[in-house]
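The structure appears right after this line, and notes come after that.
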Amino acid sequence: MINFHSKKIIVLTGMMGSGKSTVGKNLALKLKRDFIDSDLEVSKASELSINEIFDQFGEEYFRSGEKKIIKKFLLEKNKNLVLSIGGGAFIDKELRNLINNKSISIWLNASYDTLLKRLNKNTKNRPLFFGHELKVKLQELIDQRTKYYKLAHLEIDVNGLHVSGIIENIIKQLDRNYNKT
Ligand code: S3P
């Protein structure tokens with residue numbers, strides 16, 4: 001039985017390759033919530049892929065579109081949502097504070113080795129790695145970002161777990177921490 005009960009949006013953050021989209025979709029199913037992926041919404045709004053946005057307009061332009069979209073969902077009436085955000089979104093202070101005020105934020109914490117294994121299979125939709133050596137850039141991003149991800153309300157260690165195990169752990173933590181709000 002799930003005791004978790006909250007009128008707040010659930011936001012999933014963490015590095016590229018940490019599983020936010022897959023976990024988010026399945027968590028939403030389990031909690032009977034709608035699922036939104038910020039990257040998909042940014043893409044839809046601009047009618048361009050993430051690669052095309054980076055390529056044609058640059059990262060800053062992408063970040064401002066991403067911020068706008070995430071704010072829109074945080075401030076929307078429908079709170080019955082699981083929202084997976086792009087790996088860089090939680091680094092922006094204003095956005096991070098808004099997310100932490102308006103939602104329950106969950107950091108999917110994956111180790112360097114886990115991320116490297118997953119990203120090795122697919123970096124073609126991840127423009128931050130273009131022109132860089134994956135191993136070096138990945139470590140750099142982890143070093144820059146971990147201190148911000150740690151500011152999420154909950155942390156889930158996803159290493160060595162399948163989606164079902166990750167969902168189980170998320171629900172355990174939600175049950176424990178958010179059964180009355
Ligand atoms: C980014 C992560 C990507 C996407 C963009 C930038 C990042 O999303 O938003 O390529 O800065 O970490 P995912 O984390 O969903 O791959």
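The values are calculated or read from the model by the stated rules, or taken from the named source; none is laboratory data. Note that the structure is a prediction, hence the values are computed from the model and not measured. Glycine also receives a Cβ, built like all others from the backbone with ideal geometry; neighbour counts cover every protein chain displayed.
For Gly87, the test of being touching a Leu at 6+ places or on another chain (Cβ under 6 Å) and not aromatic (Phe, Trp, Tyr) is failed. Restricting attention to region 82-103, the residues that are buried (at least 21 other Cβ atoms within 10 Å of the Cβ) and more than 15 Å from the ligand (Cβ to nearest atom) total 1.
Determine whether region 39-62 contains at least one residue that is under 18 Å from His153 (Cα atoms) and small (Gly, Ala, Ser). No, because not a single residue in region 39-62 is under 18 Å from His153 (Cα atoms) and small (Gly, Ala, Ser).
Scanning region 135-168 for residues that are under 20 Å from Lys117 (Cβ atoms) and surrounded by fewer than 17 Cβ atoms within 10 Å (Cβ to Cβ) yields a total of 14.
Taking region 145-172 as the range and being assigned to a helix (DSSP H, G or I) and small (Gly, Ala, Ser) as the test, the residues that pass are Ser164, Gly165.
Of the conditions (1) touching a residue at least 40 places away in the same chain (Cβ under 8 Å); (2) surrounded by 12 or more Cβ atoms within 10 Å (Cβ to Cβ); (3) over 17 Å from Val23 (Cα atoms), His132 fails just one. Which one is it? Status for His132: all satisfied but (1).
Restricted to region 4-71, the set of helices (runs of 4 or more DSSP H) holding at least 1 residues that are under 13 Å from the mean Cα position of the chain (by Cα), within 15 Å of the ligand (Cβ to nearest atom) and buried (at least 18 other Cβ atoms within 10 Å of the Cβ) comprises 20-31, 38-46. Taking residues in region 45-57 that are on the phi > 0 side of the Ramachandran plot, and partners anywhere that are modelled with pLDDT of 95 or more and part of a helix (DSSP H, G or I), not one pair has Cβ atoms closer than 6 Å while being at least 6 places apart or on different chains. Pick from region 91-115 the residues that are among the hydrophobic types (A, V, I, L, M, F, W, C) and touching a residue at least 40 places away in the same chain (Cβ under 8 Å): which of them is nearest to Lys8 (Cα to Cα)? The selected residue is Ile104.
Sub-7 Å Cβ pairs linking a first residue in region 66-80 that is closer than 9 Å to Ser38 by Cα to a second residue that is of a type outside the set (D, E, K, R) and in a loop (DSSP other than H, G, I, E, B), at least 6 apart or interchain, are Glu66/Gly86; Ile70/Ile85, ordered by first then second residue. Among the residues of region 87-106, are any assigned to a helix (DSSP H, G or I), under 26 Å from Phe57 (Cα atoms) and of a type in the set (Asp, Glu)? Yes, some residue in region 87-106 is assigned to a helix (DSSP H, G or I), under 26 Å from Phe57 (Cα atoms) and of a type in the set (Asp, Glu).
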